[in-house]
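Asks: The structure's right below; bear with me while I get my questions together.
The values are calculated or read from the model by the stated rules, or taken from the named source; none is laboratory data. Remember, it's a predicted structure, so these values are computed and weren't measured experimentally. For neighbour counting, all protein chains shown are included, and Cβ atoms are generated from backbone atoms with ideal geometry for every residue, glycine included.
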Amino acid sequence: MAVGMKQTLKQTQTLTMTPQLQQAIKLLQLSQLELQQAVRKEIEENPVLEESPEAPGEEVAQTEAQATAETEIARDQDPQKQDEFDWESYADSQYKPPQGTGSGNEEIMNYENVISTTQSLYDYLMWQMSLFGFNEEEQVVAGILISYIDDDGYIKVPLDQIAAEENVTVEDLESIIPFIQEFDPPGVGARDLKECLLVQAKILQEDTHDLVELINNHLKDLEKKNYAGIAKAMNKDIEIVIDLCKIIYNMDPKPGRAFVPPETQYVTPDVYVYKVGDEYMVSLNEDGLPRLRISNFYKNVLKAGGASNDTNSYIQEKLKSAVWLIKSIHQRQRTIYKVTESIVKHQTDFFEKGPGHIKPMILRDIANDIGMHESTVSRVTTAKYVHTPRGIFELKYFFNSGISTDDGDSLASESVKLKIKELVSQEDTKSPLSDQRIVDLLKKDGIQIARRTVAKYRDILKILPSSKRKKYF
């Protein structure tokens, strides 16, 4: 048996994730605000990259293109320049918005910054403490307790832990807590929900035996609205139990939340859709996105020569990085434009008639239409928002599966959700619709859907089950 060695050729295809490609993919996934931050950071870190004060004119662009062509010819004719970095073709690169796409927000209202001041819960409690008549030592302990009250109005850190951290005794803390619990808002300073409700009951002078018993022993049944079970356990008429529950429902389970400013989330649209005549036009949002160009200073350094090899290598590396960023941003904007344009084409009924007429559509539909991979469409539509005559929507909103109907057509799952929401909004609150009843009502409209699907959509819509939607009063 002979053992030998031989050479063979094998052709394979592989995809190398270069740093430049990784950067391009990352930029594609960024929202408008994130992109602005990333570009600003790159400008700070890359001296070759700078912000252009204004867009170049057509004449300048033509001159740069001619210079690039002349440089390419010179390289082809001079063999000694074959290994040199073609800085001219890079230096002439500059990010410009795609033709026909402006900022698109001329008609969008500019809202002025509104500055509002609201008193914090801590400040409000400390103000009350200063007027309560505590002596100096009591004020110190009260101030410690107030500092541990969270945004909901609770003291959730164990008292022994507070005592150890603040060098006070547990007895001192326990002696002051009842006074803190007399402060406004009612229920503040409680350690848990039960204590919070009991404190409010005391302040309301409703600390009767029955109300205290209900809060102490039947909170779980109260959460389930199991009034009959509570009445049986307490040996009371259900009408009496319901009256007691009304008092508790009027209490605030999170007394501190009124002092927490609402969390405002600002959405900056990446693209706009306008109706012009009978057609819908797509326009990219370029506001806040710097116009980038290559620094003339570093271009001149390379032209002049005489710099050290290390300097030349550094400039060329930064030059390549800058140009790749410019090209990646340009590609990102073009891709968002093409995807949005295709979405508008596929979802014309939505733009004309509203959300109830959105069509079933998957990533593949758009990917096939614009000749891109589904993963690219997925990245483009994540955390990207479009401003339309119907409101502001995430691009992913327009992608949804279909539900079969009796006539053989397919209805978008988003439309089915809207129908479920409408049915629940119109139901008799004393006899709310069960999931099966919703299935039956949808079936009358020709929509075939399983009960478990109704339950899933109901959860997505944050609609409680029928047992928890039922109202006795």
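Asks: If you check Ser342, Ser415, Ser321, Ser328, which single one turns out to be polar (S, T, N, Q), modelled with pLDDT of 90 or more and crowded, with 17+ Cβ neighbours inside 10 Å?
Replies: Every option except Ser342 fails the conditions.
Asks: Could you pull out the residue among Ile162, Ile248, Ile230, Ile203 that is among the aliphatic types (A, V, I, L, M), assigned by TED's automatic domain parsing to the domain that holds Gln128 and touching a strand residue (DSSP E or B) at 6+ places or on another chain (Cβ under 9 Å)?
Replies: Ile162
Asks: Just checking, how many residues over the stretch 191-237 are in contact (Cβ under 8 Å) with a residue 60 or more places away in the chain and of a type in the set (A, V, I, L, M, F, W, C)?
Replies: Selection size over the stretch 191-237: 1.
Asks: Do you know which of the residues in the stretch 431-473 that are of a type in the set (S, T, N, Q) and more than 18 Å from Lys224 (Cα to Cα) is modelled with the lowest pLDDT?
Replies: Among them, the one singled out is Gln448.
Asks: Can you tell me how many residues in the stretch 203-236 are assigned to a helix (DSSP H, G or I) and touching a Pro at 6+ places or on another chain (Cβ under 9 Å)?
Replies: The qualifying residues number 1.
Asks: Suppose we filter the stretch 149-178 for residues that are in a loop (DSSP other than H, G, I, E, B) and within 19 Å of Ala258 (Cβ to Cβ); how many remain?
Replies: 5
Asks: Please give the helices (runs of 4 or more DSSP H) falling wholly within the stretch 319-396 in which 2 or more residues are in contact (Cβ under 8 Å) with a residue 12 or more places away in the chain and under 27 Å from Gln22 (Cα atoms).
Replies: 363-370, 374-381
Asks: Which of the following residues is surrounded by 16 or more Cβ atoms within 10 Å (Cβ to Cβ), under 30 Å from Asp237 (Cα atoms) and touching a Ser or Thr at 6+ places or on another chain (Cβ under 9 Å): Ala163, Ala201?
Replies: Selected residue: Ala201, the only one of Ala163, Ala201 that is surrounded by 16 or more Cβ atoms within 10 Å (Cβ to Cβ), under 30 Å from Asp237 (Cα atoms) and touching a Ser or Thr at 6+ places or on another chain (Cβ under 9 Å).
Asks: While we're here: Working only within the stretch 445-471, note down all residues that are of a type in the set (Gly, Ala, Ser) and either surrounded by 13 or more Cβ atoms within 10 Å (Cβ to Cβ) or in contact (Cβ under 8 Å) with a residue 12 or more places away in the chain (or both).
Replies: If the condition is that a residue be of a type in the set (Gly, Ala, Ser) and either surrounded by 13 or more Cβ atoms within 10 Å (Cβ to Cβ) or in contact (Cβ under 8 Å) with a residue 12 or more places away in the chain (or both), then Gly446, Ala455, Ser466, Ser467 are the ones that fit.
Asks: Just give me the residues in the stretch 292-302 being in a helix (DSSP H, G or I) and either among the acidic types (Asp, Glu) or touching a residue at least 40 places away in the same chain (Cβ under 8 Å) (or both), in sequence order.
Replies: Hits for the stretch 292-302 are Tyr298, Lys299, Leu302.
Asks: For the stretch 423-442, enumerate the residues that are of a type in the set (A, V, I, L, M, F, W, C) and either in contact (Cβ under 8 Å) with a residue 40 or more places away in the chain or not in a helix (DSSP H, G or I) (or both).
Replies: Residues satisfying the conditions are Val424, Leu433.
Asks: Considering only the stretch 251-286, how many residues are loosely packed, with under 10 Cβ neighbours inside 10 Å and in a loop (DSSP other than H, G, I, E, B)?
Replies: Residues in the stretch 251-286 being loosely packed, with under 10 Cβ neighbours inside 10 Å and in a loop (DSSP other than H, G, I, E, B): 8 in total.
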